[in-house]
Amino acid sequence: MSKSLKKIRALKQEQINKIIKAAWDDKTSFEEIHESMGFSEAEVIMLMRRELKAGSFRLWRKRVSGRLTKHKKLEKYKLDQES
């Protein structure tokens, strides 16, 4: 079992709900989730895949893929390009 999976399995339902809520929020970047909760983007994706229904997971992935507000580096790059 991977270290990330062990980390996810050790979470309480309240913590899982908090991460899921942050992941669905358009204004909360993966970097902010990592800083506040200690979960990398890959771990958040793993948690979402595990906790959501398949259709909900696909909808979420489609929604956040490439979204500037979910990736601070992309947002900064886009702003630099516009300047």
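The values are calculated or read from the model by the stated rules, or taken from the named source; none is laboratory data. Keep in mind that this is a model prediction, so the values were computed, not measured. Cβ: placed from backbone, ideal geometry, glycine included. Neighbour counts: every protein chain shown.
Remarks
- Summed over region 1-15, residues that are surrounded by 14 or more Cβ atoms within 10 Å (Cβ to Cβ) and either in contact (Cβ under 8 Å) with a residue 60 or more places away in the chain or aliphatic (A, V, I, L, M) (or both) total 2.
- Qualifying residue in region 34-48 (condition: surrounded by 15 or more Cβ atoms within 10 Å (Cβ to Cβ) and either farther than 22 Å from K12 by Cβ or of a type in the set (K, R) (or both)): no
- Every residue from region 21-33 that is surrounded by 14 or more Cβ atoms within 10 Å (Cβ to Cβ) and not acidic (D, E): A22, A23, W24, T28, S29, F30, I33
- Filter result for L79 (exposed (fewer than 14 other Cβ atoms within 10 Å of the Cβ) and either part of a helix (DSSP H, G or I) or modelled with pLDDT under 95 (or both)): yes
- Residue that is modelled with the highest pLDDT, among those in region 60-76 that are surrounded by fewer than 12 Cβ atoms within 10 Å (Cβ to Cβ) and in a helix (DSSP H, G or I): K62
- In the set K18, K53, only one residue is out of contact with any helix residue (DSSP H, G or I) (no Cβ under 6 Å at 6 or more places or on another chain) and surrounded by 13 or more Cβ atoms within 10 Å (Cβ to Cβ); that residue is K18.
- Filter result (free of Cβ contacts under 8 Å to residues at least 24 places away in the same chain and basic (K, R)) within region 16-62: K18, K21, R49, K53, R58, R61, K62
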